[in-house]
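Data first, discussion second: the structure below is written as C-alpha coordinates.
The values are calculated or read from the model by the stated rules, or taken from the named source; none is laboratory data. Remember, it's a predicted structure, so these values are computed and weren't measured experimentally. Note: ideal-geometry Cβ built from the backbone for every residue, glycine included; neighbour counts use all protein chains shown.
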Amino acid sequence: MRTQVCIIGGGPAGLFLAHVLHAAGIESIVIERQTKNHVLSRIRAGVLEAGTVDLLRQYGLAGRMDRDGMPKDGTRIFWEGKEDFWIDVIRWTGKRMMVWGQTQITEDLYAARERDGGEMIFEVENVALHDLDGAPSVTFERHGESQRIDCDFIAGCDGFHGPSRKAIPAEIRREYERVYPFGWLGIMVEKPPMKEIAYAYHSEGFAMASRRNPMLSRYYVQVPSTDKVEDWSDDRFWEALHRRLPEHAHGEIETGPSIEKSIAPLRSFVAEPMRWGKLFLAGDAAHIVPQTGAKGLNLAFSDVFYLSRALITHFRENSDRYLDSYSQMALRRVWAAENISWRMTKLLHVFPGEDPFDQKIRQNDFDLLAGSEDIQRAFAYEYIGLPFED
Ligand code: APR
Ligand code: PHB
(Lines give C-alpha, C1' and ligand atoms only; values in the text may rest on other atoms or scores of the structure.)
(Ligands and ions follow the chains in the order given, each with its own letter.)
Protein backbone atom coordinates (compact mmCIF):
# COMPACT_ATOMS: atom_id res chain seq x y z
CA MET A 1 0.00 0.00 0.00
CA ARG A 2 1.09 3.58 -0.49
CA THR A 3 -0.03 6.75 1.29
CA GLN A 4 1.30 10.19 2.24
CA VAL A 5 1.27 9.72 6.04
CA CYS A 6 1.24 6.35 7.79
CA ILE A 7 -0.23 6.86 11.28
CA ILE A 8 0.64 4.16 13.82
CA GLY A 9 -2.00 4.14 16.59
CA GLY A 10 -5.77 4.68 16.50
CA GLY A 11 -6.09 6.57 19.79
CA PRO A 12 -7.06 10.28 20.07
CA ALA A 13 -3.71 11.55 18.74
CA GLY A 14 -3.66 9.30 15.63
CA LEU A 15 -7.34 9.79 14.81
CA PHE A 16 -7.28 13.57 15.25
CA LEU A 17 -4.19 13.80 13.03
CA ALA A 18 -5.89 11.70 10.34
CA HIS A 19 -8.96 13.94 10.63
CA VAL A 20 -7.07 17.23 10.28
CA LEU A 21 -4.97 15.89 7.37
CA HIS A 22 -8.12 14.63 5.62
CA ALA A 23 -9.65 18.11 5.95
CA ALA A 24 -6.56 19.43 4.14
CA GLY A 25 -6.81 16.80 1.40
CA ILE A 26 -3.81 14.82 2.66
CA GLU A 27 -4.09 11.04 2.59
CA SER A 28 -3.24 8.79 5.52
CA ILE A 29 -3.69 5.22 6.71
CA VAL A 30 -4.25 4.57 10.43
CA ILE A 31 -3.06 1.19 11.73
CA GLU A 32 -4.16 0.07 15.20
CA ARG A 33 -3.15 -2.98 17.24
CA GLN A 34 -6.49 -3.38 19.03
CA THR A 35 -10.10 -3.46 17.81
CA LYS A 36 -12.12 -0.24 17.70
CA ASN A 37 -14.29 -1.37 20.64
CA HIS A 38 -11.21 -2.10 22.74
CA VAL A 39 -9.88 1.42 22.12
CA LEU A 40 -13.27 2.88 23.05
CA SER A 41 -13.49 0.80 26.24
CA ARG A 42 -10.58 2.66 27.89
CA ILE A 43 -11.58 4.79 30.91
CA ARG A 44 -9.91 8.20 30.52
CA ALA A 45 -10.30 11.67 32.02
CA GLY A 46 -11.80 14.52 30.08
CA VAL A 47 -10.97 18.06 31.15
CA LEU A 48 -10.33 20.07 27.99
CA GLU A 49 -8.18 23.20 27.81
CA ALA A 50 -9.62 26.19 25.94
CA GLY A 51 -7.21 25.49 23.05
CA THR A 52 -8.45 21.90 22.71
CA VAL A 53 -12.07 23.06 22.76
CA ASP A 54 -11.28 25.53 19.96
CA LEU A 55 -9.63 22.79 17.87
CA LEU A 56 -12.64 20.47 18.28
CA ARG A 57 -14.94 23.29 17.15
CA GLN A 58 -12.63 24.23 14.25
CA TYR A 59 -12.70 20.66 12.90
CA GLY A 60 -16.41 19.98 13.33
CA LEU A 61 -16.06 17.64 16.31
CA ALA A 62 -17.85 19.77 18.91
CA GLY A 63 -21.56 19.00 18.30
CA ARG A 64 -22.07 16.61 21.22
CA MET A 65 -19.50 18.44 23.37
CA ASP A 66 -21.38 21.77 23.11
CA ARG A 67 -24.67 19.98 23.81
CA ASP A 68 -23.67 17.57 26.62
CA GLY A 69 -20.29 18.82 27.88
CA MET A 70 -20.00 20.81 31.13
CA PRO A 71 -18.24 24.19 30.92
CA LYS A 72 -15.60 24.50 33.63
CA ASP A 73 -14.79 28.03 34.76
CA GLY A 74 -12.46 27.19 37.57
CA THR A 75 -11.12 24.62 39.97
CA ARG A 76 -12.15 23.80 43.50
CA ILE A 77 -9.50 22.78 46.03
CA PHE A 78 -10.24 21.31 49.46
CA TRP A 79 -7.44 21.57 52.02
CA GLU A 80 -6.87 19.26 54.95
CA GLY A 81 -10.58 18.52 55.32
CA LYS A 82 -11.35 22.14 56.20
CA GLU A 83 -10.73 24.79 53.58
CA ASP A 84 -12.73 25.04 50.38
CA PHE A 85 -11.01 27.26 47.83
CA TRP A 86 -12.00 28.26 44.26
CA ILE A 87 -9.50 29.26 41.56
CA ASP A 88 -11.50 31.47 39.20
CA VAL A 89 -9.80 30.46 35.95
CA ILE A 90 -12.22 32.33 33.69
CA ARG A 91 -11.74 35.55 35.71
CA TRP A 92 -7.94 35.37 35.41
CA THR A 93 -7.71 34.14 31.82
CA GLY A 94 -11.02 35.04 30.20
CA LYS A 95 -11.02 31.48 28.90
CA ARG A 96 -13.25 28.52 29.69
CA MET A 97 -12.43 24.80 29.96
CA MET A 98 -14.83 21.94 29.25
CA VAL A 99 -15.51 18.65 31.02
CA TRP A 100 -16.09 16.25 28.15
CA GLY A 101 -14.91 12.64 28.09
CA GLN A 102 -12.04 11.30 26.03
CA THR A 103 -14.21 8.30 25.13
CA GLN A 104 -16.85 10.55 23.56
CA ILE A 105 -14.17 12.45 21.63
CA THR A 106 -12.67 9.19 20.36
CA GLU A 107 -16.14 7.94 19.33
CA ASP A 108 -16.72 11.16 17.35
CA LEU A 109 -13.29 10.83 15.73
CA TYR A 110 -14.07 7.27 14.62
CA ALA A 111 -17.47 8.35 13.30
CA ALA A 112 -15.86 11.17 11.31
CA ARG A 113 -13.19 8.82 9.91
CA GLU A 114 -15.84 6.31 8.79
CA ARG A 115 -17.99 9.12 7.35
CA ASP A 116 -14.97 10.43 5.39
CA GLY A 117 -14.14 6.93 4.15
CA GLY A 118 -10.67 7.22 5.69
CA GLU A 119 -8.59 4.04 5.86
CA MET A 120 -8.15 2.30 9.24
CA ILE A 121 -6.63 -1.15 9.73
CA PHE A 122 -7.27 -2.79 13.10
CA GLU A 123 -5.68 -5.76 14.87
CA VAL A 124 -2.24 -5.28 13.33
CA GLU A 125 0.74 -7.13 14.85
CA ASN A 126 4.54 -6.95 14.74
CA VAL A 127 4.57 -3.39 13.50
CA ALA A 128 8.05 -2.29 12.37
CA LEU A 129 9.32 1.03 10.99
CA HIS A 130 11.90 1.20 8.18
CA ASP A 131 14.19 3.72 6.38
CA LEU A 132 13.29 6.69 8.56
CA ASP A 133 15.98 8.78 6.88
CA GLY A 134 15.08 7.73 3.33
CA ALA A 135 11.91 6.29 1.81
CA PRO A 136 10.01 5.31 4.95
CA SER A 137 7.75 2.29 5.21
CA VAL A 138 5.87 0.39 7.90
CA THR A 139 5.47 -3.39 7.90
CA PHE A 140 3.01 -5.40 9.96
CA GLU A 141 1.09 -8.66 10.05
CA ARG A 142 -2.66 -9.06 10.07
CA HIS A 143 -4.34 -12.40 10.44
CA GLY A 144 -1.01 -14.04 9.57
CA GLU A 145 -0.52 -12.04 6.36
CA SER A 146 2.50 -9.68 6.03
CA GLN A 147 1.76 -6.20 4.69
CA ARG A 148 3.77 -3.04 3.98
CA ILE A 149 2.80 0.64 3.72
CA ASP A 150 5.14 2.94 1.77
CA CYS A 151 4.72 6.58 2.77
CA ASP A 152 6.31 10.03 2.82
CA PHE A 153 6.11 10.35 6.60
CA ILE A 154 5.33 8.19 9.64
CA ALA A 155 3.39 9.59 12.60
CA GLY A 156 4.10 7.61 15.77
CA CYS A 157 0.86 7.93 17.74
CA ASP A 158 1.13 4.51 19.37
CA GLY A 159 1.21 5.53 23.01
CA PHE A 160 3.78 4.85 25.70
CA HIS A 161 4.21 1.17 24.90
CA GLY A 162 4.26 1.46 21.10
CA PRO A 163 7.27 0.78 18.79
CA SER A 164 7.67 4.28 17.30
CA ARG A 165 9.62 5.99 20.10
CA LYS A 166 11.99 3.05 20.27
CA ALA A 167 12.70 3.47 16.54
CA ILE A 168 14.64 6.62 17.42
CA PRO A 169 18.25 5.48 18.04
CA ALA A 170 19.03 5.17 21.75
CA GLU A 171 22.12 7.34 21.37
CA ILE A 172 19.90 10.14 20.03
CA ARG A 173 16.93 9.72 22.35
CA ARG A 174 16.93 11.48 25.74
CA GLU A 175 14.31 10.40 28.27
CA TYR A 176 13.24 12.30 31.40
CA GLU A 177 11.11 10.50 34.00
CA ARG A 178 9.49 10.76 37.44
CA VAL A 179 7.59 7.72 38.78
CA TYR A 180 5.43 8.66 41.80
CA PRO A 181 5.39 6.33 44.85
CA PHE A 182 1.58 6.10 44.94
CA GLY A 183 -1.42 5.48 42.73
CA TRP A 184 -4.97 6.72 42.21
CA LEU A 185 -7.74 4.32 43.18
CA GLY A 186 -10.69 5.39 41.04
CA ILE A 187 -14.33 4.31 41.07
CA MET A 188 -17.20 5.04 38.71
CA VAL A 189 -20.67 5.46 40.25
CA GLU A 190 -24.06 5.94 38.53
CA LYS A 191 -25.01 8.86 40.74
CA PRO A 192 -25.20 12.64 40.12
CA PRO A 193 -21.69 14.10 40.56
CA MET A 194 -20.60 17.02 42.71
CA LYS A 195 -21.44 20.29 40.95
CA GLU A 196 -17.74 21.10 40.37
CA ILE A 197 -14.62 18.97 39.84
CA ALA A 198 -12.72 19.19 43.11
CA TYR A 199 -9.16 18.27 44.17
CA ALA A 200 -8.45 17.62 47.85
CA TYR A 201 -5.19 17.60 49.81
CA HIS A 202 -5.38 15.75 53.14
CA SER A 203 -2.57 14.52 55.38
CA GLU A 204 -4.06 11.03 54.84
CA GLY A 205 -3.67 11.46 51.08
CA PHE A 206 -5.12 13.06 47.95
CA ALA A 207 -8.78 12.72 46.93
CA MET A 208 -10.82 13.94 44.02
CA ALA A 209 -14.40 14.30 42.79
CA SER A 210 -15.00 14.34 39.06
CA ARG A 211 -17.66 13.42 36.54
CA ARG A 212 -18.43 11.82 33.18
CA ASN A 213 -22.03 13.02 32.76
CA PRO A 214 -24.98 14.22 34.93
CA MET A 215 -25.60 10.64 36.08
CA LEU A 216 -22.06 9.28 36.15
CA SER A 217 -19.56 10.30 38.85
CA ARG A 218 -15.84 9.55 39.09
CA TYR A 219 -13.99 9.66 42.41
CA TYR A 220 -10.34 9.02 43.29
CA VAL A 221 -8.29 8.52 46.46
CA GLN A 222 -4.50 8.30 46.71
CA VAL A 223 -3.32 4.81 47.69
CA PRO A 224 0.14 3.24 48.13
CA SER A 225 1.35 1.87 44.76
CA THR A 226 1.52 -1.57 46.40
CA ASP A 227 -2.25 -1.62 47.11
CA LYS A 228 -4.56 -3.91 45.16
CA VAL A 229 -8.14 -3.18 44.11
CA GLU A 230 -9.34 -6.14 46.16
CA ASP A 231 -7.95 -4.41 49.29
CA TRP A 232 -10.58 -1.73 48.81
CA SER A 233 -14.28 -2.43 49.36
CA ASP A 234 -16.71 0.30 48.29
CA ASP A 235 -17.36 1.09 51.97
CA ARG A 236 -13.65 1.52 52.69
CA PHE A 237 -13.41 3.80 49.64
CA TRP A 238 -16.33 6.03 50.70
CA GLU A 239 -15.02 6.25 54.29
CA ALA A 240 -11.59 7.40 53.03
CA LEU A 241 -13.12 9.91 50.61
CA HIS A 242 -15.35 11.41 53.34
CA ARG A 243 -12.41 11.69 55.77
CA ARG A 244 -10.38 13.57 53.18
CA LEU A 245 -13.12 16.04 52.21
CA PRO A 246 -14.51 18.81 54.46
CA GLU A 247 -17.63 17.99 56.49
CA HIS A 248 -19.62 20.68 54.64
CA ALA A 249 -18.98 18.95 51.30
CA HIS A 250 -20.26 15.53 52.39
CA GLY A 251 -23.81 16.47 51.47
CA GLU A 252 -22.69 16.98 47.86
CA ILE A 253 -21.52 13.36 47.51
CA GLU A 254 -24.12 10.80 46.41
CA THR A 255 -22.61 7.39 47.19
CA GLY A 256 -23.57 4.09 45.56
CA PRO A 257 -22.15 0.79 44.30
CA SER A 258 -19.08 1.16 42.07
CA ILE A 259 -19.53 -0.05 38.49
CA GLU A 260 -15.79 0.25 37.80
CA LYS A 261 -12.82 0.28 40.18
CA SER A 262 -9.14 0.45 39.20
CA ILE A 263 -5.76 1.75 40.40
CA ALA A 264 -3.76 3.95 38.03
CA PRO A 265 -0.02 4.65 38.55
CA LEU A 266 1.29 8.22 38.25
CA ARG A 267 4.25 9.05 36.03
CA SER A 268 5.89 12.07 34.40
CA PHE A 269 7.80 11.14 31.23
CA VAL A 270 9.22 13.02 28.22
CA ALA A 271 11.26 11.68 25.31
CA GLU A 272 13.27 14.08 23.14
CA PRO A 273 13.50 14.67 20.21
CA MET A 274 9.95 14.14 18.97
CA ARG A 275 11.23 13.82 15.41
CA TRP A 276 13.76 11.56 13.77
CA GLY A 277 14.08 11.78 10.00
CA LYS A 278 10.65 11.08 8.51
CA LEU A 279 9.24 9.88 11.87
CA PHE A 280 7.25 12.28 14.06
CA LEU A 281 5.97 11.33 17.52
CA ALA A 282 2.72 12.71 18.94
CA GLY A 283 0.83 12.12 22.18
CA ASP A 284 1.68 9.47 24.76
CA ALA A 285 4.29 8.01 22.39
CA ALA A 286 6.52 10.95 23.42
CA HIS A 287 5.24 12.06 26.83
CA ILE A 288 3.16 11.06 29.84
CA VAL A 289 1.79 13.38 32.52
CA PRO A 290 0.43 12.38 35.94
CA GLN A 291 -3.39 12.59 35.85
CA THR A 292 -3.45 15.40 38.43
CA GLY A 293 -3.63 18.15 35.83
CA ALA A 294 -5.65 16.16 33.25
CA LYS A 295 -3.19 17.33 30.57
CA GLY A 296 -2.70 14.02 28.66
CA LEU A 297 -5.38 14.45 26.02
CA ASN A 298 -4.72 18.18 25.71
CA LEU A 299 -1.05 17.50 24.94
CA ALA A 300 -2.00 14.94 22.29
CA PHE A 301 -4.13 17.60 20.58
CA SER A 302 -1.35 20.18 21.00
CA ASP A 303 1.14 17.89 19.24
CA VAL A 304 -1.36 17.28 16.42
CA PHE A 305 -1.89 21.04 16.03
CA TYR A 306 1.85 21.49 15.40
CA LEU A 307 2.40 18.29 13.39
CA SER A 308 -0.60 18.74 11.08
CA ARG A 309 0.43 22.34 10.34
CA ALA A 310 3.95 21.14 9.54
CA LEU A 311 2.77 18.33 7.22
CA ILE A 312 0.21 20.56 5.47
CA THR A 313 2.87 23.25 4.91
CA HIS A 314 5.19 20.57 3.50
CA PHE A 315 2.67 19.14 1.05
CA ARG A 316 1.07 22.46 0.09
CA GLU A 317 4.01 24.88 0.06
CA ASN A 318 6.88 22.40 -0.27
CA SER A 319 8.35 24.12 2.82
CA ASP A 320 9.79 22.14 5.73
CA ARG A 321 10.09 25.11 8.09
CA TYR A 322 7.49 23.74 10.50
CA LEU A 323 8.64 20.11 10.12
CA ASP A 324 12.11 21.23 11.14
CA SER A 325 10.87 23.08 14.23
CA TYR A 326 8.11 20.60 15.18
CA SER A 327 9.98 18.90 18.03
CA GLN A 328 11.09 22.16 19.64
CA MET A 329 7.64 23.81 19.31
CA ALA A 330 5.68 20.82 20.60
CA LEU A 331 8.12 20.28 23.50
CA ARG A 332 7.64 23.84 24.75
CA ARG A 333 3.99 23.09 25.55
CA VAL A 334 4.86 19.58 26.70
CA TRP A 335 7.28 20.81 29.37
CA ALA A 336 4.87 23.52 30.52
CA ALA A 337 2.18 20.85 31.04
CA GLU A 338 4.70 18.55 32.74
CA ASN A 339 5.67 21.40 35.04
CA ILE A 340 2.14 22.38 36.20
CA SER A 341 1.18 18.68 36.51
CA TRP A 342 4.25 17.94 38.64
CA ARG A 343 3.65 20.95 40.87
CA MET A 344 -0.05 20.09 41.31
CA THR A 345 0.97 16.51 42.17
CA LYS A 346 3.48 17.76 44.75
CA LEU A 347 0.93 20.19 46.24
CA LEU A 348 -1.96 17.74 46.54
CA HIS A 349 -0.33 14.39 47.51
CA VAL A 350 1.41 12.97 50.56
CA PHE A 351 4.83 11.56 49.66
CA PRO A 352 6.10 8.58 51.67
CA GLY A 353 9.15 9.69 53.68
CA GLU A 354 8.35 13.40 53.42
CA ASP A 355 9.63 15.34 56.44
CA PRO A 356 8.15 18.27 58.41
CA PHE A 357 10.11 20.72 56.24
CA ASP A 358 8.37 19.34 53.12
CA GLN A 359 5.02 19.62 54.85
CA LYS A 360 5.66 23.26 55.82
CA ILE A 361 6.64 24.12 52.24
CA ARG A 362 3.47 22.44 50.92
CA GLN A 363 1.35 24.39 53.43
CA ASN A 364 3.07 27.59 52.36
CA ASP A 365 2.49 26.77 48.67
CA PHE A 366 -1.20 26.47 49.46
CA ASP A 367 -1.29 29.62 51.63
CA LEU A 368 0.40 31.62 48.85
CA LEU A 369 -2.03 30.24 46.24
CA ALA A 370 -5.07 30.87 48.43
CA GLY A 371 -3.86 34.28 49.56
CA SER A 372 -2.50 35.90 46.41
CA GLU A 373 -4.47 36.90 43.32
CA ASP A 374 -1.18 37.19 41.37
CA ILE A 375 -0.31 33.57 42.14
CA GLN A 376 -3.86 32.47 41.28
CA ARG A 377 -3.58 34.31 37.95
CA ALA A 378 -0.23 32.59 37.23
CA PHE A 379 -1.69 29.19 38.16
CA ALA A 380 -4.74 29.82 35.97
CA TYR A 381 -2.51 30.87 33.04
CA GLU A 382 -0.71 27.51 33.17
CA TYR A 383 -3.79 25.41 34.03
CA ILE A 384 -5.82 26.69 31.07
CA GLY A 385 -2.93 25.67 28.75
CA LEU A 386 -0.29 27.88 27.13
CA PRO A 387 -1.33 29.64 23.91
CA PHE A 388 -0.31 27.88 20.68
CA GLU A 389 2.72 29.83 19.45
CA ASP A 390 2.91 30.75 15.84
N1 APR B 1 0.73 -0.98 16.49
C2 APR B 1 -0.44 -0.29 16.30
N3 APR B 1 -1.09 0.41 17.27
C4 APR B 1 -0.51 0.40 18.48
C5 APR B 1 0.71 -0.29 18.77
C6 APR B 1 1.32 -1.00 17.70
N7 APR B 1 2.45 -1.68 17.89
N8 APR B 1 1.02 -0.08 20.08
C9 APR B 1 0.04 0.70 20.58
N10 APR B 1 -0.88 0.99 19.62
C11 APR B 1 -2.11 1.77 19.77
C12 APR B 1 -2.81 1.51 21.10
O13 APR B 1 -3.60 0.34 21.05
C14 APR B 1 -3.64 2.78 21.26
O15 APR B 1 -4.94 2.64 20.73
O16 APR B 1 -1.78 3.14 19.81
C17 APR B 1 -2.86 3.83 20.46
C18 APR B 1 -2.27 4.92 21.36
O19 APR B 1 -3.36 5.62 21.91
P20 APR B 1 -3.29 6.29 23.39
O21 APR B 1 -2.56 5.44 24.31
O22 APR B 1 -4.67 6.71 23.72
O23 APR B 1 -2.37 7.57 23.16
P24 APR B 1 -2.68 8.94 22.40
O25 APR B 1 -3.50 8.74 21.19
O26 APR B 1 -1.38 9.59 22.31
O27 APR B 1 -3.65 9.71 23.41
C28 APR B 1 -3.18 10.28 24.56
O29 APR B 1 -4.52 8.99 25.94
O30 APR B 1 -3.60 7.84 27.66
C31 APR B 1 -4.35 8.91 27.35
O32 APR B 1 -3.88 10.41 29.06
C33 APR B 1 -3.59 10.09 27.74
O34 APR B 1 -5.30 11.38 27.28
C35 APR B 1 -4.08 10.99 26.78
C36 APR B 1 -4.31 10.28 25.53
C1 PHB C 1 -11.18 12.60 35.66
O2 PHB C 1 -12.29 13.03 35.40
O3 PHB C 1 -10.96 11.42 35.65
C4 PHB C 1 -10.11 13.58 35.97
C5 PHB C 1 -10.38 14.92 35.90
C6 PHB C 1 -9.37 15.83 36.20
C7 PHB C 1 -8.14 15.38 36.56
C8 PHB C 1 -7.89 14.04 36.60
C9 PHB C 1 -8.88 13.12 36.31
O10 PHB C 1 -7.17 16.25 36.84
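Taking segment 28-53 as the range and being free of Cβ contacts under 8 Å to residues at least 60 places away in the same chain, away from ligand 1 (no atom under 11 Å from the Cβ) and more than 26 Å from Met208 (Cβ to Cβ) as the test, only Asn37 passes. If you check Trp276, Trp238 for being crowded, with 20+ Cβ neighbours inside 10 Å and of a type outside the set (Asp, Glu), only one passes: Trp276. Do we find a residue being surrounded by fewer than 22 Cβ atoms within 10 Å (Cβ to Cβ), of a type outside the set (Gly, Ala, Ser), within 19 Å of Pro169 (Cα to Cα) and in contact (Cβ under 8 Å) with a residue 40 or more places away in the chain anywhere in segment 256-271? Checking segment 256-271: at least one residue is surrounded by fewer than 22 Cβ atoms within 10 Å (Cβ to Cβ), of a type outside the set (Gly, Ala, Ser), within 19 Å of Pro169 (Cα to Cα) and in contact (Cβ under 8 Å) with a residue 40 or more places away in the chain.
The lone criterion from (1) closer than 26 Å to Ser341 by Cα; (2) surrounded by fewer than 19 Cβ atoms within 10 Å (Cβ to Cβ) left unmet by Ala207 is number (2). Listed here are the strands (runs of 3 or more DSSP E) enclosed by segment 56-131 that have at least 3 residues being within 19 Å of Leu297 (Cα to Cα) and either among the aromatic types (Phe, Trp, Tyr) or within 16 Å of ligand 2 (Cβ to nearest atom) (or both): 70-72, 97-99.
Of all residues in segment 352-374, those being surrounded by 15 or more Cβ atoms within 10 Å (Cβ to Cβ) and either free of Cβ contacts under 8 Å to residues at least 24 places away in the same chain or not in a helix (DSSP H, G or I) (or both) number 1. Checked against the criterion of being surrounded by 14 or more Cβ atoms within 10 Å (Cβ to Cβ) and away from ligand 2 (no atom under 16 Å from the Cβ), the candidates Ile172, Ile149 yield just one match: Ile149. One residue is enough: does segment 218-229 have a residue meeting the conditions more than 26 Å from Tyr176 (Cβ to Cβ) and part of a helix (DSSP H, G or I)? The answer is yes, given that some residue of segment 218-229 is more than 26 Å from Tyr176 (Cβ to Cβ) and part of a helix (DSSP H, G or I). Across segment 103-142, the number of residues qualifying as closer than 30 Å to Pro169 by Cα, within 16 Å of ligand 1 (Cβ to nearest atom) and of a type outside the set (A, V, I, L, M, F, W, C) comes to 10. Has segment 311-321 got any residue that is buried (at least 24 other Cβ atoms within 10 Å of the Cβ), out of contact with any Gly (no Cβ under 7 Å at 6 or more places or on another chain) and not aromatic (Phe, Trp, Tyr)? Within segment 311-321 (the criterion being buried (at least 24 other Cβ atoms within 10 Å of the Cβ), out of contact with any Gly (no Cβ under 7 Å at 6 or more places or on another chain) and not aromatic (Phe, Trp, Tyr)), the answer is yes, since at least one residue qualifies. Please tell me if Gly46 is modelled with pLDDT under 95 and touching a Lys or Arg at 6+ places or on another chain (Cβ under 9 Å). So Gly46 fits the description; yes. What number of residues in segment 73-102 are within 16 Å of ligand 1 (Cβ to nearest atom) and touching a helix residue (DSSP H, G or I) at 6+ places or on another chain (Cβ under 6 Å)? Summing the residues that are within 16 Å of ligand 1 (Cβ to nearest atom) and touching a helix residue (DSSP H, G or I) at 6+ places or on another chain (Cβ under 6 Å) in segment 73-102 gives 3. Looking across segment 211-230, the residues that are within 16 Å of Leu266 (Cβ to Cβ) and among the polar types (S, T, N, Q) come down to Gln222, Ser225, Thr226.
Evaluate segment 38-48: report whether one residue or more is more than 20 Å from the chain's Cα centre (by Cα) and either in a strand (DSSP E or B) or surrounded by fewer than 23 Cβ atoms within 10 Å (Cβ to Cβ) (or both).
To start, the set of residues in segment 38-48 that are more than 20 Å from the chain's Cα centre (by Cα) comprises none.
The answer is no, given that none of the residues of segment 38-48 is more than 20 Å from the chain's Cα centre (by Cα) and either in a strand (DSSP E or B) or surrounded by fewer than 23 Cβ atoms within 10 Å (Cβ to Cβ) (or both).
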